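One structure is given here, and the rest of the page talks about it.
The values are calculated or read from the model by the stated rules, or taken from the named source; none is laboratory data. In this text the structure is predicted, and so the values were computed from the model without any measurement. Here the Cβ positions follow ideal geometry from the backbone for every residue, glycine too, while neighbour counts run over all protein chains shown. For accessibility, only protein heavy atoms count, side chains too; no ligands or nucleic acids. Shrake-Rupley method; radii C 1.70, N 1.55, O 1.52, S 1.80 Å.
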Amino acid sequence: MIDEKTFNKVASITLIVVLVILSILILRPILTSFLFGLILSFIFYPLYRKIFLWTKNSNLSALIVCIILLAMITIPVFFFTPLLIEQTFTVYTYVQRADVLSPFKNIFPNFFSSPELSQKLLIAINSFASKIASSFMNKFTDILLNSPIILLRLFIILFVFFFGLRDGEKIVTYIQSLSPLSKESEKKIFQQFKDITYSVIFGYIITGIAQGIVTGIALFVLKIPNALVLTLLAVFLSILPLGPWLVWIPVDLYLFSIGRTTAGLGLLIYGLFFISLIDNFIRPFIISKKTKLNTGIVLVSMIGGLLVFGILGLVLGPLIISYLLLLLDSFRNKKVESILVQKL
């Protein structure tokens, strides 16, 4: 038989565990939106504080920052979406009409000596271009069909974002009150959390801007029409992060289709071995240096996060792994300190 005090303690822990599990099940469909809203509120909190010093009103300050965030989201989307659709159809039309293989036949005549092989390659290239265009349009159609769900998720993000800004200090104080760590350890951990979050976001923004600029340099050198607009689009897609390949691959197909083979080959090599190099190596390097994590761990966490959370997982993956290792290290240090105290 157990005493009443022990029974009440076990019952309370059991109830808390059950409620946590039920809460996770309730929040699961909107968990990504909830986390995204929290991350955004953390990023924009310094701006909120500056506006609050001017307005002296927490609700008004949070509302102003929400409007700024909405503008940052909607303006690029409305500006770049028609451009992406137009570019997709343009490239598809060029590839369908142009003799894409002619430049390659001149460079590799022996390889294309067989008419059957040339015909199969042409069909494969046209099929590839058709699938890319079809895939993009299907995605765009899905976005339109799922617009009510997308708007609901956006509302959840803004809702969490608003209250994360307004009640940020209260949330942090509440979390600290639940922590079993000492005040000094809590202060250290929250500071490290802040450094980790900013370093991950900083890594994505810097890498995205670098990729977009590097892509734009190639577009200007090759004298591609609307190079400035495409460069801005490449920067935007890189920061998201979707990748500048959505810009330079269609441009590359366009170059081949109009017979600029040398330029097309140059852009292909440049894109594969330089633009992609920035994304695959510099971004994990920046994040690992700032968070003091191994580059391999950062890369694996980015891939795992992508598979679990989608595009947002590229940010959440390194954050979650960093936080886990930070907490484990904190508890390990606390355990070591406890052992040393006992020995003394």
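Key figures
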{"item": "Tabulated pairs, the range 223-247, first open to solvent by less than 20 Å² (accessible area, probe 1.4 Å) and among the aliphatic types (A, V, I, L, M), second part of a loop (DSSP other than H, G, I, E, B) and modelled with pLDDT under 80, C-beta under 7 angstrom, 6+ apart or interchain", "result": "L237/G243"}
{"item": "Residue identified as modelled with pLDDT under 70, hydrophobic (A, V, I, L, M, F, W, C) and open to solvent by less than 40 Å² (accessible area, probe 1.4 Å) among L293, L316", "result": "L293"}
{"item": "Residues located in the range 197-246, provided they are β-branched (V, I, T) and over 15 Å from the mean Cα position of the chain (by Cα)", "result": "I213, V214, T215, I217, V221, I224, V229, T231"}
{"item": "Residue within the range 33-48 that is exposed (fewer than 15 other Cβ atoms within 10 Å of the Cβ), on the phi > 0 side of the Ramachandran plot and at pLDDT 85 or above present", "result": "no"}
{"item": "Matching entry among T88, T6 (being at pLDDT below 70 and among the hydroxyl-bearing types (S, T, Y))", "result": "T88"}
{"item": "Checklist (1) of a type in the set (A, V, I, L, M); (2) more than 25 Å from I73 (Cα to Cα); (3) not in a helix (DSSP H, G or I) applied to L242, failing item", "result": "(2)"}
{"item": "Yes/no for S12 being among the polar types (S, T, N, Q) and surrounded by fewer than 18 Cβ atoms within 10 Å (Cβ to Cβ)", "result": "yes"}
{"item": "Pair list, Cβ under 9 Å, 6 or more apart: the range 268-282 residue of a type in the set (D, E), other residue open to solvent by less than 60 Å² (accessible area, probe 1.4 Å) and in a helix (DSSP H, G or I)", "result": "D279/T207; D279/G208; D279/Q211; D279/S238"}
{"item": "Residue within the range 51-64 that is of a type outside the set (V, I, T), within 28 Å of G305 (Cβ to Cβ) and surrounded by fewer than 19 Cβ atoms within 10 Å (Cβ to Cβ) present", "result": "no"}
